[in-house]
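To start, the structure itself, in structure tokens.
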Amino acid sequence: MIFLSPVTKQALQYIQPHMTVSLGGGRHMQALADAIAAAAITDLRITSPSELTRAYCRERHLPTIAQPNHIDVAFDGCDSADADLNLLKSNGGIHTQEKVYAQLAQSYIILAPSTRVQHQLDPQVPLCLEVVPACAALVGQFAAGPGLKVQQRVAANYAGYVYTSQGNVLLDCHAADWTNIAQIADQLSRFNGVVSTSYFANLTSCILAEAADGTVTVIKKGDLK
């Protein structure tokens with residue numbers, strides 16, 4: 001018998017037989033994969049925007065598919081969320097794939113520590129752009145126009161820049177606050193060479209917010225106003 005954290009137990013309740021379920025990246029998703037495997041729910045199809053999560057699910061002998069055309073429920077984490085359930089999903093660097101899976105999902109459910117859910121998005125978290133390498137310099141100059149501080153992401157395990165699975169680079173954009181992030185993200189996303197931004201607007205169904213004491217609160221749009 002495996003130990004299930006309160007947030008994992010809560011998430012498991014959204015999963016029914018015959019569903020296609022997406023799991024994002026990170027420890028919460030691996031714990032949820034363990035819980036799904038132990039629950040032996042009938043006729044599930046598991047998918048993920050994260051190749052590491054897909055590999056983890058295969059190791060747990062879960063029926064895994066690579067390219068779904070429909071997702072019943074998708075689970076993921078976030079770096080920051082606001083009162084309207086808009087998200088910043090910047091640190092993992094796979095937001096392009098994650099946004100595709102979120103858009104495919106009938107329900108998109110976020111598992112996150114309660115400290116990451118505030119009235120406004122956390123300015124300590126950058127807005128991340130996936131950018132075609134040949135356009136990186138021009139995009140950086142354009143992004144600096146609205147007063148952003150722009151840095152190309154450097155790899156932690158070798159002396160070089162981070163490249164995505166599509167061969168693109170990541171530009172982290174920092175601001176004093178994210179009051180106007182919707183306009184900023186829209187403007188940047190239209191610039192030549194920008195593949196996507198890590199700002200997720202109007203995609204989240206609810207957030208399962210886990211407090212330090214293990215209490216889980218289901219937050220829906222408008223609950224924090």
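The values are calculated or read from the model by the stated rules, or taken from the named source; none is laboratory data. Just so it is clear, the model here is predicted, and its values are computed rather than measured. Every residue, glycine as well, gets a Cβ built from its backbone with ideal geometry; the counts of neighbours run over all protein chains shown. The protein model used for the area step is the full one, side chains on, heavy atoms only, and it has no ligands, DNA or RNA in it. Shrake-Rupley method; radii C 1.70, N 1.55, O 1.52, S 1.80 Å.
Candidates in region 202-225 are the residues that are surrounded by fewer than 15 Cβ atoms within 10 Å (Cβ to Cβ) and of a type in the set (A, V, I, L, M); of these, the one that is farthest from residue 104 (Cα to Cα) is 212.
With the requirement that a residue be touching a helix residue (DSSP H, G or I) at 6+ places or on another chain (Cβ under 6 Å) and open to solvent by 50 Å² or more (accessible area, probe 1.4 Å), what does region 1-54 give you? Within region 1-54, 2, 30 meet the criteria. Within region 128-185, the set of residues being farther than 23 Å from residue 80 by Cβ, open to solvent by 40 Å² or more (accessible area, probe 1.4 Å) and aliphatic (A, V, I, L, M) comprises 132, 134, 137, 138, 159. Tell me, yes or no, whether region 98-110 has at least one residue that is more than 18 Å from residue 185 (Cα to Cα), of a type in the set (Phe, Trp, Tyr) and under 21 Å from the mean Cα position of the chain (by Cα). Yes, some residue in region 98-110 is more than 18 Å from residue 185 (Cα to Cα), of a type in the set (Phe, Trp, Tyr) and under 21 Å from the mean Cα position of the chain (by Cα). The single condition among (1) at pLDDT below 95; (2) under 18 Å from the mean Cα position of the chain (by Cα) that residue 129 does not meet is (1). How many residues are of a type in the set (Asp, Glu) and part of a loop (DSSP other than H, G, I, E, B) if we restrict to region 188-214? Summing the residues that are of a type in the set (Asp, Glu) and part of a loop (DSSP other than H, G, I, E, B) in region 188-214 gives 1.
Condition test on residue 83, is it in a loop (DSSP other than H, G, I, E, B) and either open to solvent by 60 Å² or more (accessible area, probe 1.4 Å) or over 20 Å from residue 196 (Cβ atoms) (or both)? The answer is yes for residue 83.
For region 21-56, the tally of residues that are without any contact (Cβ under 8 Å) to a residue 24 or more places away in the chain and within 14 Å of the chain's Cα centre (by Cα) stands at 1. Considered as a group, the residues in region 86-115 that are β-branched (Val, Ile, Thr) and open to solvent by less than 20 Å² (accessible area, probe 1.4 Å) include one that is farthest from residue 174 (Cα to Cα), and that residue is 109.
Those strands (runs of 3 or more DSSP E) of region 88-170 in which at least 1 residues are hydroxyl-bearing (Ser, Thr, Tyr) and either touching a helix residue (DSSP H, G or I) at 6+ places or on another chain (Cβ under 8 Å) or under 26 Å from residue 47 (Cβ atoms) (or both), considering only elements entirely within it, cover 105-113.
Within region 67-108, the set of residues being on the phi > 0 side of the Ramachandran plot and modelled with pLDDT under 95 comprises just one member, 93.
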